[in-house]
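Everything below concerns the one structure shown next.
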Amino acid sequence: MFCLRLWGTFNMGYNPLDHTFCVVMAGGKGERFWPLSTDQAPKPFLKLMDEKTMIQLTVERAMRIVPRERLFVVLGQNHLDVAKEQLPDLAETNFIVEPEGKDTAPCIGLAALTLMGIDEKAIMITLPADHYVPDVDDFTATILDGVKCAATGDYLVTIGIKPIRPETGYGYINAFEEYNIPGVTCYKVNRIVEKPDMERARAYLEEGNYYWNGGIFIWQARVILKGIEQHMPELYRELTRIKALLAAGDSPAIGEVYRGIQRKSIDYGLMEKAANVLMVPSGFRWDDVGTWTSLLRVLKLDGEGNYRAGNALCVDTRDCVVYGDGIFVGTIGVSDLVIVASKHGVLVCHGDKAQEVREIVKRLDQEK
């Protein structure tokens, strides 16, 4: 059941939720989860922490806020079949297929064009498909606050996650000046910064005005397109061409234009430059679950600090991730390792090297 909450600060005839859409971005490769994650079934489509896949859990959260017909999934053509299989309640028209993965800025621009074609007043909630968010009620409340901010003006709203440790794997948001929007706690963003080294991450945690950048955004579709026009004019020109081709239904030409677009993230291309960015602090637990060892932070462990899944047996084993996907894995007398076996391969690495697993994928691609 999606939320039907009304806000008294708006005109009686206008409820922002009537114009609110969720866009789930499912274009990531999840290379650090090799050998379980593959080109055909990357991280969002894996059951890493539940009986449901990560994209199924994300869609369930989104549908507490918007009805099914206003929920869209952006993904590549090679993932369309697995997405339809895992999300059978979504209509064909609720999948926005990218001709080629080009990072988040083109993905978001294409989605904004699509929503503007449906509703010129569209408010767009943009969610990554593969994050860990166990506090669903608090998540819903935070997102609704973000919608309220986005509905009041030309703002680019981001959700800031209060850090609980120094973290070098996340970008950060610096925000301390409270912004006056009635009924909502939000801050004017001073700057968005790239992933820091450990010394800087510790300084951010101590200072207290820095938040993790969770990649969750809320804005009016027209506002994000206006921001792209101002700060990413090359992308905007290509999106304008695509808009005309969408109206004409010329899919081959859309693919040709899209493949010529430069890869760029929305953070680097727009959010780090824009002056109209607001941040709503999160009221929920969050983790981007970016590596195998991140599972040790968020999931239930055995008495020796191991995360075991599938066909796995651990003896005298501590602080390990052990995952047997249809293949039995046994360990004795080891610690701080990641051991994953599937039909696609076997991974054994020290926990400290979990960020580097994508190097195996890269070298495999080169050898092919």
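Compute, for the chain, the length of the dipole vector about the Cα centre, with Cβ point charges of +1 (Lys, Arg) and -1 (Asp, Glu) only. Units Debye, rounded to 20. Write out the running numbers ahead of the final one.
Values: 41 positive and 50 negative charges, 77 e Å.
Roughly 360 debye for the chain.
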For a quick check, take a GNM of the chain with Cα springs below 10 Å and name the residue from 266, 327, 96 with the largest mean-square fluctuation.
327
Just to be sure I understand: with springs between alpha-carbon atoms less than 10 Å apart, which residue in 95, 72, 328 has the highest mean-square fluctuation in the Gaussian network model of the chain?
328
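Taking 0.36 nm per intervening residue step and subtracting the Cα-Cα distance, what contour gain separates residue 319 from residue 275 on full extension?
Details: separation 44, 0.36 × 44 = 15.84 nm, distance 4.41 nm.
That works out to 11.4 nm of additional length.
Restrict the search to segment 301-365; then list the GluC sites (Glu not before Pro) that DSSP places in a loop and that have at most 15 other Cβ atoms within 10 Å of their Cβ. Walk me through the numbers on the way to the answer.
On the way: sites: 304, 356, 359; in loops: 304.
Passing sites in segment 301-365 are 304.
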So, with points 7 Å from each Cα along the Cβ direction, the residue 89-residue 39 label distance in nm works out to 3.3
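Of the listed pairs 84/362; 264/368; 52/121, which have alpha-carbon separations greater than 30 Å here? Working shown, then result.
Details: 84/362 28 Å; 264/368 27 Å; 52/121 33 Å.
Those over the limit are 52/121.
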Take the chain, connect every pair of alpha-carbon atoms lying under 10 Å apart with a spring to form a Gaussian network, then pick out the residue of 93, 38, 58 with the largest mean-square fluctuation.
93
Please compute the length gained on full extension between residue 231 and residue 359, using 0.36 nm multiplied by the number of residues separating them and subtracting their Cα-Cα distance.
42.8 nm
Taking neighbour Cβ counts within 10 Å as the exposure measure, how do 323, 258 sort from fewest upward?
258, 323
Within a 10 angstrom radius of the beta carbon, how do 45, 176, 217 rank from fewest other beta carbons to most?
176, 45, 217
Can you tell me how much longer the chain between residue 121 and residue 14 gets when fully stretched, taken as 0.36 nm per residue apart minus their C-alpha distance, in nm with one decimal?
37.4 nm
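On alpha-carbon atoms, Rg over Rh for the chain using Kirkwood Rh? Mind showing how you got there, number by number?
On the way: Rg = 21.0 Å, Rh = 21.6 Å.
Rg/Rh for the chain comes to 0.97.
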Return the lysines within reach of residue 162: Cα separation strictly under 23 angstrom, same-chain partners fewer than 8 residues apart disregarded; answer none if there are no such residues.
148, 188, 195, 273, 300
No solvent, one uniform scatterer per C-alpha: report log10 I(q)/I(0) for segment 240-340 via the Debye equation at q = 0.10 1/Å, two decimals.
-0.61
For segment 237-292 and segment 74-136, what is the separation of their C-alpha centers, rounded to whole Å?
11
Find which of 159, 327, 99 sits farthest along the positive direction of the dipole of the chain, computed with +1 on the beta-carbon of Lys and Arg, -1 on that of Asp and Glu, about the Cα centre.
99
Give the calculated FRET efficiency between residue 69 and residue 202 to the nearest 0.05, with a Förster radius of 41 Å applied to their Cβ-Cβ distance.
0.35
Only Cα pairs under 8 Å and at least 6 apart count here; give the relative contact order of segment 16-281 as a rounded whole percent.
23
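May I ask you to derive the relative contact order of segment 292-367, considering only C-alpha pairs under 8 Å and at least 6 residues apart, and to give it as an integer percent? Could you put the intermediate results ahead of the total?
Working: 139 pairs, mean separation 16.2, N = 76.
Relative contact order, segment 292-367: 21 percent.
One-quarter of the Cα convex hull surface for segment 292-367, in nm²? Intermediate results must be reported in sequence, preceding the final value.
Values: hull surface 20.0 nm².
Value for segment 292-367: 5.0 nm².
Each reported figure results from applying straightforward, stated rules to the coordinates on display, with no laboratory input. The structure displayed is predicted, hence computed values, not measured ones. Because the Cβ atoms are built from the backbone with ideal geometry, glycine has one as well, and the counts that use them run over all protein chains shown.
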